[in-house]
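In what follows, a structure is listed as structure tokens, so that the remarks can point back to it.
No value in this document is a laboratory result; all are computed from the given coordinates. Computed from a predicted structure; not experimentally measured. Every residue, glycine among them, receives a Cβ derived from its backbone with ideal geometry; neighbour counts consider all protein chains shown.
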Amino acid sequence: MNAPTVTGGRNCFAHFRAESQRHDPLNAYLLSLASTWIYPFVVADCTGCEESDIPSLFRARMTHWGLGDSVRLISRSAFGLFDTQTAVVAGQGIVLVIFRGSEHLVKVKSRFINAVRDWIVTDSDTAMVTVGDFGAEVDVHRGFYRAFIAVADDIESALQAPLADGRHLWITGHSMGGALATLAVPWLCARGVPVSGAYTFGTPMVGGVRLSNLFRSLPVDRFHRYVQEGDPVPGLPPEPTNYEHVIPPHVIRADGSVVLGDRTWVGLPSFKQHPSTAYCAALYRPLTDEQRRLVPPPPAR
């Protein structure tokens, strides 16, 4: 295996503003990076890399970025039901829970079955189920709930030690990973786990009006949902359904500008706007020159 070259970004998460009370462009970019690096096809983007190399490559990257105090990789699969990968990583003052989105049919060929399972089984299982383990009864996407609950107890267990010294917990994910991150916030709050905030990217809808109402009552006021103009995935499941998003999006416009809490956005659908690498590139552009010197550039699209 020829390991990928690490370019810049050493200890970049030391600049993450864990106590920020408002939207933060640097935080958004750093968490878009984390949401991208949980994908096996990104981690294993090097000559001769195999699936067995992915855990060590991921840990090395997190350590380089200043998140190597503890790295816990959680993976749960059941054929025909779910295939969920999550990472719980800790650095100076912060703990991140990172959810992987749907697998890509590229790079790591051995992940083909997992990709099919994500798209055909989890994402497309859009029936709503009523569940009561979020602190209230809510209606949620059956496929996403099944994928989340498979790792939920492991996540709670993995958080106990790194949160014991007062670190701030942030949750993130792209696409399906953003859907699971959305479910993680109220589930952890219902168990008394303090959630500082979350950033999601290109997330489909996860539940109905009762989930949206629950979010308004949570002790978490730093939940940010990013959408690229033209990304069709945040419009899923397709109408007519009883689904809705829990909060308005921050929309990345075609001209590169970002409109916070935009309820009016409309864009021609293009799946080119959906990959996690596309979100990284779009969120890198608004950074100042000083901020860019603190972080690695976005991975190649």
> Within the range 212-230, which residues are under 16 Å from the mean Cα position of the chain (by Cα) and either closer than 18 Å to Ser270 by Cα or in a loop (DSSP other than H, G, I, E, B) (or both)?
Replying inline: Arg222, Tyr226, Val227, Gln228
>> Quick check on my filter: what residues within the range 231-244 are out of contact with any helix residue (DSSP H, G or I) (no Cβ under 7 Å at 6 or more places or on another chain) and assigned to a loop (DSSP other than H, G, I, E, B)?
In response: Leu236, Pro237, Pro238, Glu239, Pro240, Thr241, Asn242, Tyr243
> What number of residues within the range 250-284 are touching a Gly at 6+ places or on another chain (Cβ under 9 Å), part of a loop (DSSP other than H, G, I, E, B) and surrounded by 15 or more Cβ atoms within 10 Å (Cβ to Cβ)?
Replying inline: 4
>> Any residue that is farther than 18 Å from Asp125 by Cβ, buried (at least 17 other Cβ atoms within 10 Å of the Cβ) and of a type in the set (D, E, K, R) - is there at least one of those in the range 226-247?
In response: yes
> Which of the residues spanning the range 241-299 are over 15 Å from Pro25 (Cα atoms), in contact with a Pro (Cβ under 6 Å, 6 or more places away or on another chain) and in contact (Cβ under 8 Å) with a residue 60 or more places away in the chain?
Replying inline: Tyr243, Thr277
